[in-house]
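Some notes on the structure that comes next.
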Amino acid sequence: MKNFIPILLSGFLLILGSCQTVTKSEARFELLPSPSEMTISGQSKLELEMVEASFEKAKKAMLEKGSLDGIESFRFTLQPDLDLKKEGYLMEISADQISIQAPADAGLWYGLMTLGQLIQDAKDQDAALPLVKIKDEPALDYRAVHLDVKHHLEKKEYYFELMDRFAAQKINAVIVEIEDKLQYELQPKVGSSDAFSISEWKELSDYAMARHIRISPLVQGLGHASFILKHPEYIPLRDDPESDWAFNPLNEETYKVQFDLYEDALKAFPYANYLHVGGDEVHTTGRNSGNSPLELQLIWLNRVSDYAAQKGLTPIFWDDMPLKNAEVYRSIYDSKLTKAQVDSIWSANEPNLNKYIDLFPKNCVYMRWNYDMPESPGNNRAIQWFTDNGLKVMGATAGQTRWNLMPQDQSNTDNIRDFALISIRNKADGLLLTLWDDDSPHFELYQRGISIFAEYTWAGEKRSVDQLHQAYRQRAFGPEFASAEHEFINDLEGPVADWKNLLLENRRDRNRLRKLENPIDEAVIPLPKLDSAGKWTEKYQSKITQAQANLARVDSILQQIQEIKKSALRNTHQLEVYEQVAEVVQFSNRAIITLAELDEPSGEKREVAKSKLQQMEAEWTSIQNKVEEVYGKTRQLNKPSDYILDQDHHVHLANQALKFSDWQFYVEGLFLEKVKWEVK
């Protein structure tokens, strides 16, 4: 049930002796995530500047493990027998004091994080703090964000800033898919030359842990091993000598390498409670050993799970391959199947799993990832199989639906909500938000999805989708931009989805051009032929209609972003990133419309269109330079010159070139080259 009630403090008249003071008439306090219970009864007399100064002192004391005594107007109480989860807290703002009680340090910290949002909202609206009572605790204990750094790194200071943002939203864990972005000491060939050292990652781990965020590593294994097996030194460890994708699980040297990588990763992330071992999307041959693919995977999983147990860690394993090998995986993703049909599939194929049940490690968490339909009967049936057999299961949703310039589907709101609610209903330990770097959207474009995840995993469904997006806009840019009229992110998603292949022939895909012999002729949209005016327009009318509609739509979005930038109280860099994404989209829209103008019978219109096309290279250079300037404020754009690209089994754009512009804007480059050749 959506039982969210907007937190509105409106129109109180404070009478102090014979004096009347009128405060701002309407102040909206939008906490994110929502608290479990919150009651506002008026306005506090506390001076906001004094409270803010005390807040900073308290935060510093918590981060440095100092004393919380003697901070003006604040009272902190640790009360272990308080009837709350360990991260829960009670907070009260009275007329002259702020008190926070909690059963553990984490609860005091999260109470302080909530207070920080109240202070920010009061400052933003020139309002008094509210008289408020809050009782709060998380719906899920483990609320983890996945950082996938395999294709690029952000600038180091940006990761520290991210930890502060996560902490403010009560996210308490991070899983770093580290791949070659660690300078491994035991297997030094694996780390890329731009990788952070063990000590640099440990510094981030220390910083995060002080904020109650525990970082654990994901070191891919068995499959997804191209970052290792692409190097000539490791070719003998390949399952298939021609493929850098998978290890041979029957080669003892496989485990020597894997355990060395684990060893260094755990030095970099010393507070880890999990070791994510990967294991997804891989079929191994076993070199004629007679072992089935499922047996081979379980041989490997038992070895790495034993290693984790020896280190006092819980291994996490992507669960897809056992389900695929048992032929029940299709039931998870076929939305047309009824529960009865799913049960029938499982009845027929479950014995394929059950006969190996004794080989499934009991100390492992089986991560049930589903980015499309977590509510499907098949997904629920898979979760049930693990729990029925005494195996621990955890869900993984996604803040990035893959292969585009920005996240789609309202930052994947529905999927995040549905999987969080399933996890809460099933009393799961937690949920992971994956943020895949396949096409490397700028990380600022993930921020709304992260906030959505923070809301549903801490609070459950207390807000409607619209209310949640409104709360995000207030927290991100300020109360002035909370209302629906400032919702530009959802409006931009559609044009971005259309942009991806707009300059390509129908049925061609931006990610899949590198293996074509002549992508300009085979994939890039042809230019109109001047001796058959109108034919091009007839063939590509749907693209023209799309471009015309999106051109007007994105122009409006750009105006909206520019207006918000003028008055936004914070996160202007995020607005700049969205602005550059919109500018990239507009280039393709204008290109298609100009090609349509070139297809006109009128000679005068054709000449104007030719002139426009000839100027497009300079126009694109300006756009690309601005994109790189804005993106480059926080991210390392290009791979080092000595970087070895792998075989790109999953056709990830970000894996196809060293230079950012060469992979992100490969299509634009091909299009302009075609224009240069053909438009004289």
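Tally up the residues in the range 434-475 that are assigned to a loop (DSSP other than H, G, I, E, B), modelled with pLDDT of 95 or more and of a type in the set (S, T, N, Q), please.
1
Quick check on residue 21: is it at pLDDT below 95, surrounded by fewer than 16 Cβ atoms within 10 Å (Cβ to Cβ) and farther than 27 Å from residue 455 by Cβ?
Against the criterion (at pLDDT below 95, surrounded by fewer than 16 Cβ atoms within 10 Å (Cβ to Cβ) and farther than 27 Å from residue 455 by Cβ), residue 21 qualifies.
Of everything in the range 531-564, what is modelled with pLDDT under 95 and surrounded by 13 or more Cβ atoms within 10 Å (Cβ to Cβ)? Give them in sequence order.
Passing the criteria: only 533.
Looking at (1) open to solvent by less than 10 Å² (accessible area, probe 1.4 Å); (2) under 17 Å from residue 432 (Cβ atoms); (3) not aromatic (Phe, Trp, Tyr), which is the only condition residue 214 fails?
(1)
Between residues in the range 380-407 that are within 21 Å of residue 315 (Cβ to Cβ) and charged (D, E, K, R) and residues that are buried (at least 17 other Cβ atoms within 10 Å of the Cβ) and modelled with pLDDT of 95 or more, which pairs lie under 6 Å by C-beta distance while being six or more apart or on different chains?
Pairs that qualify, where the first residue is within 21 Å of residue 315 (Cβ to Cβ) and charged (D, E, K, R) and the partner is buried (at least 17 other Cβ atoms within 10 Å of the Cβ) and modelled with pLDDT of 95 or more, are 392/365.
Can you tell which of 345, 316 is in contact (Cβ under 8 Å) with a residue 12 or more places away in the chain and under 30 Å from residue 179 (Cα atoms)?
316
Failed condition for residue 627, given (1) open to solvent by 10 Å² or more (accessible area, probe 1.4 Å); (2) under 22 Å from the mean Cα position of the chain (by Cα), with all others met?
(1)
Considering each of 108, 78, 112, 90 in turn, give the residue that is surrounded by fewer than 18 Cβ atoms within 10 Å (Cβ to Cβ) and either in contact with a helix residue (DSSP H, G or I) (Cβ under 9 Å, 6 or more places away or on another chain) or over 28 Å from residue 173 (Cβ atoms) (or both).
78
Out of all the residues in the range 319-334, which are open to solvent by 10 Å² or more (accessible area, probe 1.4 Å) and either assigned to a loop (DSSP other than H, G, I, E, B) or free of Cβ contacts under 8 Å to residues at least 12 places away in the same chain (or both)?
324, 327, 329, 334
Here is a list of conditions, (1) open to solvent by 50 Å² or more (accessible area, probe 1.4 Å); (2) under 17 Å from residue 645 (Cβ atoms); (3) assigned to a helix (DSSP H, G or I), and residue 189 meets all of them except one; can you say which number that is?
(3)
Go through the range 256-275 and count every residue that is assigned to a loop (DSSP other than H, G, I, E, B) and open to solvent by less than 20 Å² (accessible area, probe 1.4 Å).
Number of matching residues: 2.
Within the set of pairs 6 or more residues apart or between chains, which connect a residue that is at positive phi and crowded, with 24+ Cβ neighbours inside 10 Å inside the range 220-248 to a residue that is part of a helix (DSSP H, G or I) and not basic (Lys, Arg) with Cβ atoms less than 6 Å apart?
222/300
Would you mind finding the one in 290, 312 that is part of a loop (DSSP other than H, G, I, E, B), at pLDDT 90 or above and not acidic (Asp, Glu)?
From the options 290, 312, the qualifying one is 312.
How many residues, within the range 25-52, are touching a Lys or Arg at 6+ places or on another chain (Cβ under 7 Å) and hydrophobic (A, V, I, L, M, F, W, C)?
Total meeting the criteria: 2.
If I go through the range 335-351 residue by residue, how many of them are open to solvent by 40 Å² or more (accessible area, probe 1.4 Å) and closer than 17 Å to residue 372 by Cα?
Of the residues in that region, 3 qualify.
The values are calculated or read from the model by the stated rules, or taken from the named source; none is laboratory data. It should be emphasised that the depicted structure is a prediction, and the values quoted were computed from it without experimental measurement. Every residue, glycine as well, gets a Cβ built from its backbone with ideal geometry; the counts of neighbours run over all protein chains shown. Side chains included, ligands, DNA and RNA excluded: accessible areas come from the protein's heavy atoms. Shrake-Rupley method; radii C 1.70, N 1.55, O 1.52, S 1.80 Å.
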